[in-house]
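Each remark here refers to the structure printed beneath this line.
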Amino acid sequence: MRHVRSLRPDFIKLDRSLIAGIERECRLQDLVADMVEFGRLTGAGLIAVGIETEAELATATRLGVKAGQGYHLGRPTIHPRDWSKWTARATQTVSPL
């Protein structure tokens, strides 16, 4: 954490090991809630990585994570038409960090 504080990143990614099953694990929820607070204090946004279920998304959102990625949100692709659909949808429904 000392390194994160000294680097002052704009974003901190919470990897799949912190997101998988978060809806069932109080310890993971506590850790993610602490990371959200740490991000708030250091000015870093958090990104939940590996969101694969609605329950994981709902729990991460309830804990204050405002950005995410994973198969539940959309499959990875390199096709520009997919990116344009996501960009259009994101500007309509998602507020900035």
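In the range 79-91, the count of residues that are of a type in the set (Gly, Ala, Ser), modelled with pLDDT under 70 and part of a helix (DSSP H, G or I) is one or more. Of the residues examined, LEU31 is not one that is exposed (fewer than 11 other Cβ atoms within 10 Å of the Cβ) and of a type in the set (A, V, I, L, M, F, W, C).
Sort out which residues of the range 37-51 are outside any helix (DSSP H, G or I) and surrounded by 15 or more Cβ atoms within 10 Å (Cβ to Cβ), and write them in order of number. Don't jump to the end; show me each part of the working.
At the first step, the residues of the range 37-51 found to be outside any helix (DSSP H, G or I) are 43-51.
Passing the criteria: ALA44, GLY45, LEU46, ILE47, ALA48, VAL49, GLY50, ILE51.
The residues in the range 1-36 that are small (Gly, Ala, Ser) and in a helix (DSSP H, G or I) can be counted, and the count is 3. When ARG16, ARG75, ARG62, ARG24 are checked against the criterion of being surrounded by fewer than 17 Cβ atoms within 10 Å (Cβ to Cβ) and modelled with pLDDT under 95, a single residue qualifies: ARG75.
Would you say VAL32 is touching a residue at least 40 places away in the same chain (Cβ under 8 Å) and touching a Leu at 6+ places or on another chain (Cβ under 9 Å)? Write out each step before concluding.
Working: touching a residue at least 40 places away in the same chain (Cβ under 8 Å): no; touching a Leu at 6+ places or on another chain (Cβ under 9 Å): yes.
So VAL32 fails the test.
Does GLY68 satisfy being out of contact with any Phe, Trp or Tyr (no Cβ under 6 Å at 6 or more places or on another chain), touching a residue at least 12 places away in the same chain (Cβ under 8 Å) and either crowded, with 17+ Cβ neighbours inside 10 Å or outside any loop (DSSP other than H, G, I, E, B) (or both)? Answer is yes for this residue.
The values are calculated or read from the model by the stated rules, or taken from the named source; none is laboratory data. Everything numeric in this text was worked out from a predicted model, so none of it was measured. In this analysis, Cβ positions are derived from the backbone assuming ideal geometry, glycine residues included, and neighbour counts consider all displayed protein chains.
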